[in-house]
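The values are calculated or read from the model by the stated rules, or taken from the named source; none is laboratory data. The model shown is predicted, which means the values in this text are computed figures rather than measured ones. We place every Cβ from the backbone using ideal geometry, glycine too, and count neighbours over all the protein chains shown.
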Amino acid sequence: MKDRLNYLFTSTKGLILVAIAMISMVTAVWGMLSGPMAEMGVRDWVIKTFGMDIVQAEREGRIIILYHSIAMGVIAIETYMVTGLLKMKAFFKTAVNMLITVGYILTMTFGMGFAYFGHNWAFHGLYITGLSLIFFAGVLLCVALWPWDKEHYITDKDYARTKSGVDLERVAFFTTAVTTVLSSLFGAVPGSYYGHGFETFLAENVIRYPEKSVMEYSVIGHLHIMLALIAIMLTLIIGRWLNFKGIWHKFAMPLMILGCIVLNLGVWGVVTPLEPVAHMIIYVGATPSMLAALFLLIWSWGKFAIEGTAHLTKPTLLQKLGAMVQDPLKFGPTWQMLFMNFTTSGIGIFMAVKLDEIFRVWPAREERIELTGHWHALSAIIATIILMYYGDMLGLKGKVRQIYGWSIIFLSDIALAGVTIFEMKRLFITEAEQQPLVNTLMYMIDFGLGMLLVLLAIVMVWRLTDLFKPKGRWTEEAAQELSQEVAK
Amino acid sequence: MKHSILFGTLTSAGKRGEKELKIRVLSVYPRPIIFILLITLFILVSCAHVDLNAPMPTYDTGIDPNAWAQVPAGEFHFGQHEDIASTDAYEIMVTDVTKQQYANFLNAALADGYVKMDGEQVVGYYPGDEFRGVKHEEKIEAGDWLFVPLNDPSQRIKFDGKTFTVEKGYENHPMTSVTWFGAWGYCGYYETRLPTEMEWEKAARGTDERPFPWGDEIARENANFYSSRDPFEDMSSFGSRTSPVGFYNGNAYDGYQTIDSASPYGLYDMAGNVWQWTGDVYEGMHYRFMRGGSKDTYDMDLRVWVRNNATPTYFSPGVGFRCVR
């Protein structure tokens with residue numbers, strides 16, 4: 001038992017497994033409280049079975065705690081990946097992992113307990129304690145990542161670095177970590193005024209109000225930037241896992257650092273007199289960040305194509321394309337980043353351009369659907385990328401690797417395509433005539449997400465049964481570290 | 001890899017002869033064929049024609065749409081966070097304005113010159129709003145504005161060149177596909193007005209903290225909302241439709257038992273069926289607000305404090321109104 005607990009709570013792969021399992025359970029249960037599950041009556045059954053205490057006036061507050069619970073699990077996973085991939089002192093690695101583990105488990109357990117099972121205020125206190133521990137873990141991670149420590153200077157000219165040897169990729173990780181910690185304050189400050197000038201609200205419900213309080217702006221900025229930073233950190237993680245290097249790396253890392261800083265300044269600017277031009281600053285910041293991700297995509301796809309056809313003297317285009325998609329777990333993360341442009345970024349830009357002409361002519365409720373769909377899609381893409389990296393960590397090989405990887409790609413993309421069409425349906429169909437289309441889209445979305453959850457459940461059951469084996473895979477994973485598995 | 005198998009199969013099969021080629025191709029292609037068939041099936045199903053005139057049950061609910069309810073002056077809990085607000089005394093319609101009432105209005109107003117025809121639209125004069133040039137704000141100038149579109153496929157009021165009539169069976173359903181101007185014009189014609197958001201909420205909620213007009217919880221038999229399985233909806237084809245005003249009054253209709261869902265002041269349909277336009281014109285904003293949720297929204301939007309808004313020219317089969325005086 002001690003060995004198993006050590007694996008689950010001290011090794012990187014064990015910690016990631018626990019966090020994925022926790023998030024999966026929350027997603028599986030709470031996913032049944034809305035949408036078609038509510039229509040079919042499953043919600044009522046879940047509420048009754050689990051003895052949930054659902055007060056109508058508290059829906060928005062419950063949802064906010066639910067989002068935070070899941071998000072803290074995701075942030076913990078990313079932190080484990082960072083501490084597993086990057087060099088840092090053993091003390092920092094242990095301390096950061098320990099703090100964030102206790103933090104997110106407290107947040108998730110007691111936050112959800114408070115939100116859905118009656119208001120035990122001790123639970124609320126523990127929820128806040130959990131968030132505070134995560135914040136402190138973030139501060140410590142920033143210290144651990146300090147890039148100007150000569151110990152972390154690099155000499156390899158294949159990687160982006162300054163003349164003196166400062167590792168620019170580490171600077172990008174550091175910048176993202178620091179801005180994440182600072183941006184969390186934009187949620188924490190209004191939260192600390194709760195009931196004293198600040199009341200619970202969902203940002204999508206106040207979009208059209210011309211006047212918003214500073215606290216409201218702060219929360220709106222907070223939720224936007226945190227999701228963006230989770231995505232940026234994950235892009236850096238995927239780059240490190242794939243061993244991103246070369247000329248594209250040298251272009252990408254400065255852009256990533258610049259983009260991250262400008263993006264944050266723009267979002268923080270919404271609570272300052274810069275608010276009227278904040279969106280413009282955000283666009284300016286988002287562009288280099290997305291360019292950096294594009295460079296990762298170009299480099300990685302090129303690498304897969306070249307390495308996969310190295311044994312051929314004159315590979316054809318088809319053979320190169322075949323090599324590029326040969327490994328779905330390595331091709332998938334960047335493919336999902338590209339697909340994100342159709343489901344999230346592209347839609348967002350289209351909405352911004354046509355806002356007054358089209359979207360603000362529709363009722364606010366339609367705009368709310370687009371906004372919530374928009375960031376649910378981004379969150380889902382982040383989750384699928386994590387699951388693909390996790391598939392590689394598990395050491396999946398052969399057919400299982402292919403099935404696991406392609407299933408994640410196809411199922412999530414079917415669901416996200418459905419979500420995107422659903423968001424935009426008013427462009428091409430009237431309310432009176434939409435039902436058959438809505439039904440079809442719902443089948444696509446439910447099938448995609450449902451099967452994805454089934455796949456995840458199969459993996460989790462496999463991992464659970466593995467834990468009962470004395471010489472299971474967990475014994476190997478306990479000693480493995482992510483930095484040893486970075487692509488050559 | 002799938003494609004290289006296919007590539008290799010085609011090449012080698014080509015050397016061996018056409019017969020083998022067909023067999024190989026078929027053995028490789030089943031999955032794409034099934035996939036393409038599924039996609040085609042999905043597209044066909046999703047593009048299925050919706051019969052907007054599908055048969056609909058007709059019921060007399062026994063609730064008089066000409067009735068008004070008294071709301072006394074005083075304080076009440078306003079909004080989700082239970083702020084204390086107060087209103088003067090007023091009267092509010094017990095039900096939404098029905099299609100028959102609106103057709104009657106159009107006939108009288110056309111004869112009076114209060115409204116006029118502009119192609120297939122009924123338009124009327126609105127004196128305009130003060131424009132402050134706030135971001136996203138649009139000018140609402142004095143002039144003729146759209147009241148009711150007659151060419152909308154879900155419009156149940158017809159005009160034969162002389163008279164407005166209501167499609168049979170829809171007479172006691174709430175007036176829909178009416179713009180904010182059309183709602184404002186109706187109330188103004190009868191020397192009444194649209195309720196402010198505060199008046200609407202107080203009429204729906206009374207003076208306690210209930211989230212729904214009838215109490216704390218919602219059941220399918222309380223109101224007409226998305227997938228509430230009422231006799232007027234069929235989610236496999238046309239989806240949701242409006243129910244006659246006052247339908248949820250505790251009566252049974254052909255075996256469908258409703259729960260009496262009147263508000264504390266005796267109003268019906270203050271949650272679900274159709275969103276209701278309210279009268280507030282806010283500074284720096286051209287949007288008009290709606291309350292109550294509709295046949296097309298989930299139950300969360302039926303909570304009394306939930307707000308929706310749209311441009312005043314917006315119309316929909318899920319938006320209606322009622323008046324106060």
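A:Ile381 passes all but one of (1) β-branched (Val, Ile, Thr); (2) free of Cβ contacts under 8 Å to residues at least 24 places away in the same chain; (3) under 17 Å from A:Met290 (Cα atoms); which number fails?
Unmet for A:Ile381, out of (1) β-branched (Val, Ile, Thr); (2) free of Cβ contacts under 8 Å to residues at least 24 places away in the same chain; (3) under 17 Å from A:Met290 (Cα atoms): (2).
Residue-by-condition table, conditions (1) away from every other protein chain (no Cβ under 14 Å); (2) polar (S, T, N, Q); (3) surrounded by fewer than 16 Cβ atoms within 10 Å (Cβ to Cβ); (4) more than 30 Å from B:Asp296 (Cα to Cα):
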position	(1), (2), (3), (4)
A:His374	yes, no, no, no
A:Ala383	yes, no, no, yes
A:Gln402	no, yes, no, yes
A:Ile414	no, no, no, no
A:Thr430	no, yes, yes, no
A:Pro436	no, no, no, no
A:Lys471	yes, no, yes, yes
A:Thr475	yes, yes, yes, yes
A:Ala478	yes, no, no, yes
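Just the residues that are in contact (Cβ under 8 Å) with a residue 40 or more places away in the chain and away from chain B (no Cβ under 14 Å), please, taken from the range A:438-450.
Passing the criteria: only A:Leu449.
Restricting to strands (runs of 3 or more DSSP E) lying wholly in the range B:89-184: which have 3 or more residues that are touching a Ser or Thr at 6+ places or on another chain (Cβ under 9 Å)?
By residue number, B:143-149, B:157-159.
When residues of the range B:214-232 are filtered for being within 10 Å of chain A (Cβ to nearest Cβ), of a type outside the set (Ser, Thr, Tyr) and surrounded by 20 or more Cβ atoms within 10 Å (Cβ to Cβ), how many remain?
1
Hey, does the range B:278-290 have a residue that's over 26 Å from B:Thr207 (Cβ atoms) and within 17 Å of the chain's Cα centre (by Cα)?
yes
Any residue that is hydroxyl-bearing (Ser, Thr, Tyr), at pLDDT 95 or above, over 30 Å from A:Glu211 (Cβ atoms) and out of contact with any strand residue (DSSP E or B) (no Cβ under 6 Å at 6 or more places or on another chain) - is there at least one of those in the range B:149-170?
Yes, because at least one residue in the range B:149-170 is hydroxyl-bearing (Ser, Thr, Tyr), at pLDDT 95 or above, over 30 Å from A:Glu211 (Cβ atoms) and out of contact with any strand residue (DSSP E or B) (no Cβ under 6 Å at 6 or more places or on another chain).
Given the criteria closer than 30 Å to A:Asn243 by Cβ and either surrounded by fewer than 22 Cβ atoms within 10 Å (Cβ to Cβ) or at pLDDT 95 or above (or both), does A:Leu99 qualify?
yes
Evaluate the range A:379-396: report whether one residue or more is in a helix (DSSP H, G or I), modelled with pLDDT under 90 and over 20 Å from A:Ile232 (Cβ atoms).
Within the range A:379-396 (the criterion being in a helix (DSSP H, G or I), modelled with pLDDT under 90 and over 20 Å from A:Ile232 (Cβ atoms)), the answer is no, since none of the residues qualifies.
Can you tell me which condition B:Gly293 does not meet? The list is (1) within 11 Å of chain A (Cβ to nearest Cβ); (2) out of contact with any Leu (no Cβ under 6 Å at 6 or more places or on another chain); (3) surrounded by 21 or more Cβ atoms within 10 Å (Cβ to Cβ), and all the others hold.
Here B:Gly293 meets the rest and fails (2).
Could you check, for the range B:246-253, whether at least one of its residues is at negative phi and within 14 Å of chain A (Cβ to nearest Cβ)?
no
Residues that are at pLDDT 95 or above, of a type in the set (Val, Ile, Thr), surrounded by 10 or more Cβ atoms within 10 Å (Cβ to Cβ) and not in a strand (DSSP E or B): does the range B:26-33 have at least one?
Looking through the range B:26-33, none of the residues is at pLDDT 95 or above, of a type in the set (Val, Ile, Thr), surrounded by 10 or more Cβ atoms within 10 Å (Cβ to Cβ) and not in a strand (DSSP E or B).
Go through the range A:28-57 and give me each residue that's surrounded by 15 or more Cβ atoms within 10 Å (Cβ to Cβ), under 15 Å from A:Gly113 (Cα atoms) and either free of Cβ contacts under 8 Å to residues at least 12 places away in the same chain or among the hydroxyl-bearing types (Ser, Thr, Tyr) (or both).
The answer is none; no residue qualifies.
Is there any pair linking a residue in the range A:205-220 that is among the acidic types (Asp, Glu) to one that is surrounded by fewer than 17 Cβ atoms within 10 Å (Cβ to Cβ), with Cβ under 8 Å and at least six apart or on different chains, and which?
Between residues of the range A:205-220 that are among the acidic types (Asp, Glu) and residues that are surrounded by fewer than 17 Cβ atoms within 10 Å (Cβ to Cβ), the close pairs are A:Glu211/B:Gly284; A:Glu216/A:Val206.
Exactly one of (1) more than 18 Å from the chain's Cα centre (by Cα); (2) away from chain B (no Cβ under 11 Å); (3) not aliphatic (A, V, I, L, M) is unmet by A:Thr179. Its number?
Of the numbered conditions (1) more than 18 Å from the chain's Cα centre (by Cα); (2) away from chain B (no Cβ under 11 Å); (3) not aliphatic (A, V, I, L, M), the odd one out for A:Thr179 is (1).
Can you work out which of the residues in the range A:17-40 that are over 30 Å from A:Leu5 (Cα atoms) and part of a helix (DSSP H, G or I) is nearest to the other protein chains (Cβ to nearest Cβ)?
A:Glu39
Taking the options A:Ala305, A:Ala364, name whichever one is within 14 Å of another protein chain (Cβ to nearest Cβ) and in contact (Cβ under 8 Å) with a residue 60 or more places away in the chain.
Going through A:Ala305, A:Ala364 in turn, just one is within 14 Å of another protein chain (Cβ to nearest Cβ) and in contact (Cβ under 8 Å) with a residue 60 or more places away in the chain: A:Ala364.
Filter the range A:313-360 for residues that are surrounded by 15 or more Cβ atoms within 10 Å (Cβ to Cβ), among the small types (Gly, Ala, Ser) and without any contact (Cβ under 8 Å) to a residue 40 or more places away in the chain and give the result.
Answer for the range A:313-360, where residues must be surrounded by 15 or more Cβ atoms within 10 Å (Cβ to Cβ), among the small types (Gly, Ala, Ser) and without any contact (Cβ under 8 Å) to a residue 40 or more places away in the chain: A:Gly322, A:Ala323, A:Gly348.
Report the residue count in the range A:41-61 for those that are within 10 Å of chain B (Cβ to nearest Cβ) and assigned to a loop (DSSP other than H, G, I, E, B).
Going through the range A:41-61 one residue at a time, the tally reaches 3.
Would you confirm whether or not the range B:53-62 contains a residue that is of a type outside the set (Val, Ile, Thr), at pLDDT below 95 and in a helix (DSSP H, G or I)?
Looking for residues that are of a type outside the set (Val, Ile, Thr), at pLDDT below 95 and in a helix (DSSP H, G or I), one finds none in the range B:53-62, hence no.
Tell me which residues, restricted to the range B:254-287, are at the interface with another protein chain (Cβ under 10 Å from one of its Cβ atoms) and either small (Gly, Ala, Ser) or touching a strand residue (DSSP E or B) at 6+ places or on another chain (Cβ under 9 Å) (or both).
B:Trp275, B:Tyr282, B:Gly284, B:Met285, B:Tyr287 - these are the residues of the range B:254-287 that are at the interface with another protein chain (Cβ under 10 Å from one of its Cβ atoms) and either small (Gly, Ala, Ser) or touching a strand residue (DSSP E or B) at 6+ places or on another chain (Cβ under 9 Å) (or both).
Could you give every pair whose Cβ atoms fall below 8 Å, whose first residue belongs to the range A:468-488 and is within 13 Å of A:Gly395 (Cα to Cα), and whose second residue is among the β-branched types (Val, Ile, Thr), counting only separations of at least 6 or pairs across chains?
Note: pairs meeting the criteria are A:Gln480/A:Thr12; A:Glu481/A:Thr12; A:Leu482/A:Thr12.
Conditions (1) of a type in the set (A, V, I, L, M, F, W, C); (2) at pLDDT 95 or above, marked per residue:
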{"position": "A:Val219", "(1), (2)": "yes, no"}
{"position": "A:His224", "(1), (2)": "no, no"}
{"position": "A:Ile238", "(1), (2)": "yes, yes"}
{"position": "A:Pro254", "(1), (2)": "no, yes"}
{"position": "A:Ile257", "(1), (2)": "yes, yes"}
{"position": "A:Leu265", "(1), (2)": "yes, no"}
{"position": "A:Pro273", "(1), (2)": "no, no"}
{"position": "A:Ile282", "(1), (2)": "yes, no"}
